[in-house]
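See below for the structure under consideration.
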Amino acid sequence: MPDRVLEVKNLSVDIPLAEGVLHAVDDLNIHVDKGETLCIVGESGCGKSLTSLAIMDLLPKKAIRKLHQLDLAGTSILDYSEKQMSDIRGNKMGMIFQEPMTSLNPAFTIGNQMVETLQRHRNISGENAKKTALIMLEKVGITAADQRLKQYPHQLSGGLRQRVMIAMTLLCEPELIIADEPTTALDVTIQAQILLLLKELQSEYEMGLILITHDLGVVARIATRVAVMYAGQIVEEGTVQQIFENPMHPYTRGLMRCIPVPGKTKPGEPLGSIPGMVPSLIGEFTGCRFADRCSHATDTCRSLNVNLRAEEENTQAYRCIIDPKTMAKVA
Amino acid sequence: MLFYTLKRFGLASLVALTVSFISFGLLYLSSDPAIAMAGETASDADIEAIRKLYGFDRPILVQYFDWLQRAIGGDLGKSYYFRTNVSALIGERLPTTMMLGVSAITFAILFSVPLGVAAAIRPNSIIDRVALFLSVMGQALPSFWFALMLIVLLSVNMRLLPTSGSDTWLHFVMPTVVLGYYAAPAIMRLTRTGMLEVLSTDYIRTARAKGLRPVVVLFKHALRNAIIPVVSLAAVQFGFMLGGSIVVETIFALHGAGFLAWESITRNDLPTVQGLILVFSLFYIVLTFFADLLNAWLDPRIRIS
């Protein structure tokens, strides 16, 4: 087995509401190996962000996390206290958030916020911490880094702030980085730069990377493996080739039809869309969660809970009982 | 920062100038100052003589600049009642008021900021409820009643503190509590709201994701941002305490500037009232100026544009 950076087994996140319990994430298993990029894709509200926060143990107070296994670099951190977790956060695993504009504290300089991270986890002098921060800023492609250290977040553009966030996350050279839609809030040109940067740094530091996104274009460029999430569950998981070349789950197929393919999609031809809406996840749910939006759904789909399974050793796992051959005909 | 300071200073000076003009005009708004000075039994000739003597017959702007020049030099005219210099009179009363104001605002801040932070950390907890109860009480209790209750309890029954006067620091304990408690609810609620808001921001989540200790997250990252509006509020409250502590000063017989203001108003002692308004307004202006500087120091977005 290759070096496993992260192993998550049977993760559920429940949020008690006045109307009942919202099962936001349901029985989720993921793993990330060293140097590997796992992309978690899915539409808004499918539980991607909650999954990442659950791994970091940073869920909102009222959310209830259930887990059977949580290993980071071979060590179980499932029963870690809050204090032990805070020793790991920013040190062995780091997180990059969606909103670079608001993710840095406006009251402190970039240098201050970077140095405090290093000094929290390393026994290092302020002078040396500053030097390390400077090197890291240069590494993420920030020019005039020594001046940037003295600047405040509001003096930097969104793209620069996200680079600072990346540099800050990398300071302690973590084993795992979770990036929650790191490019969504940025200009398209900057998006590409940031992604490229993440990919370069990942291979340089041989980190495990979880990239959460709803942009399939991003997935195609950066992913090693892909997990497609729908309504709190992983509905399909496999390598990037498997998922893009031979999607098995109707939801994944629907997603693929939504992106234009150069040379294949004719000009003026309407892109695909998935009719209907995500079901409410409050209360107990029986049957396939995608059934109401699926053109192949049968009565069995609506009554049977299907597990994520692979047909053969080397194919992707998916959560559907429809024979792929009949699906291909209709689609 | 320098530019900002100069700009604020310029603004403060303009406000001070406006206030001084209004305070000067006060003398003319109420009545003819010559008549007021001459007294009820004076003849027309006497009034005319006084008008000439004090220069009330000159154009108003000339009189204003003349008055302003003297006011800057520290001469605020003579009190009608005490027949002494107004500036000396105020200077004599000011230390008591200052002492009361400083101790009351310190008490208010020390009481309400930690309580507000504690309430924000656990909203709807016991601490939050207690804090809410205390702040509703503080807002609703009339200070005169609260003061009298304290006197009954601590002075009359328990004989712990003196009832009135300003001889020792013990005399200031009850006035400080009464005046400070009156200002505390607003500061407490603002601290709580600010902290609640800041604690839900993305940068607090980042701070946690970096593994920072809860104390650092709370006091470095959160409080620093939440305290900014509190500074402005506390400055206004402090200004109010220096000028408006009339009730408290009267009950505890602290002969401060607030008490003097009340006396002078009842006696129609216009020069004293005028001088006090000028001094109180200047306090406000200076405090606001320093609060602005403090805010700029706390919030780099104000300092560096």
Taking the range B:200-221 and keeping only residues that are more than 9 Å from chain A (Cβ to nearest Cβ) and surrounded by 19 or more Cβ atoms within 10 Å (Cβ to Cβ), one is left with B:217, B:218
What residue, of A:208, A:217, A:141, A:159, is in contact (Cβ under 8 Å) with a residue 24 or more places away in the chain, more than 18 Å from residue B:205 (Cα to Cα) and buried (at least 24 other Cβ atoms within 10 Å of the Cβ)?
-> A:208
Quick one: count up the residues across the range A:93-103 that are touching a Ser or Thr at 6+ places or on another chain (Cβ under 8 Å) and more than 8 Å from chain B (Cβ to nearest Cβ).
-> 2
Going through (1) over 16 Å from the mean Cα position of the chain (by Cα); (2) surrounded by fewer than 21 Cβ atoms within 10 Å (Cβ to Cβ) one by one, residue A:199 fails only at (1)
Meets criteria (more than 29 Å from residue B:153 (Cβ to Cβ), at pLDDT 95 or above and more than 13 Å from every other protein chain (Cβ to nearest Cβ)) for residue B:233 | no
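Okay, residues lined up against (1) in contact (Cβ under 8 Å) with a residue 40 or more places away in the chain; (2) of a type outside the set (S, T, N, Q); (3) more than 9 Å from chain B (Cβ to nearest Cβ); (4) not in a loop (DSSP other than H, G, I, E, B):
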| residue | (1), (2), (3), (4) |
| --- | --- |
| A:71 | yes, yes, yes, yes |
| A:78 | no, yes, yes, no |
| A:85 | no, yes, no, yes |
| A:91 | yes, no, no, no |
| A:105 | yes, no, no, no |
| A:108 | yes, yes, no, no |
| A:111 | no, yes, yes, yes |
| A:116 | no, yes, no, yes |
| A:124 | no, yes, yes, no |
Hey, any hits in the range B:72-92 for a residue that's among the charged types (D, E, K, R) and in a helix (DSSP H, G or I)?
-> yes
Kindly indicate whether residue B:182 is touching a His at 6+ places or on another chain (Cβ under 8 Å), part of a helix (DSSP H, G or I) and either more than 14 Å from every other protein chain (Cβ to nearest Cβ) or aromatic (Phe, Trp, Tyr) (or both).
-> no
Can you tell which of A:201, A:196, A:134 is more than 12 Å from chain B (Cβ to nearest Cβ), outside any loop (DSSP other than H, G, I, E, B) and farther than 23 Å from residue A:37 by Cβ?
-> A:134
Note: among A:184, A:143, just one is part of a loop (DSSP other than H, G, I, E, B), modelled with pLDDT under 90 and hydroxyl-bearing (Ser, Thr, Tyr), namely A:184
Number of positions in the range A:144-156 that are within 16 Å of residue A:100 (Cα to Cα) and free of Cβ contacts under 8 Å to residues at least 24 places away in the same chain = 1
Out of the range B:249-303, which residues are touching a Phe, Trp or Tyr at 6+ places or on another chain (Cβ under 8 Å), in contact (Cβ under 8 Å) with a residue 24 or more places away in the chain and within 14 Å of another protein chain (Cβ to nearest Cβ)?
-> B:296, B:302, B:303
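The values are calculated or read from the model by the stated rules, or taken from the named source; none is laboratory data. Predicted model only: the values in this text are computed from it and were never measured. Reconstructed Cβ throughout: ideal geometry from the backbone, glycine too, with neighbour counts over all protein chains shown.
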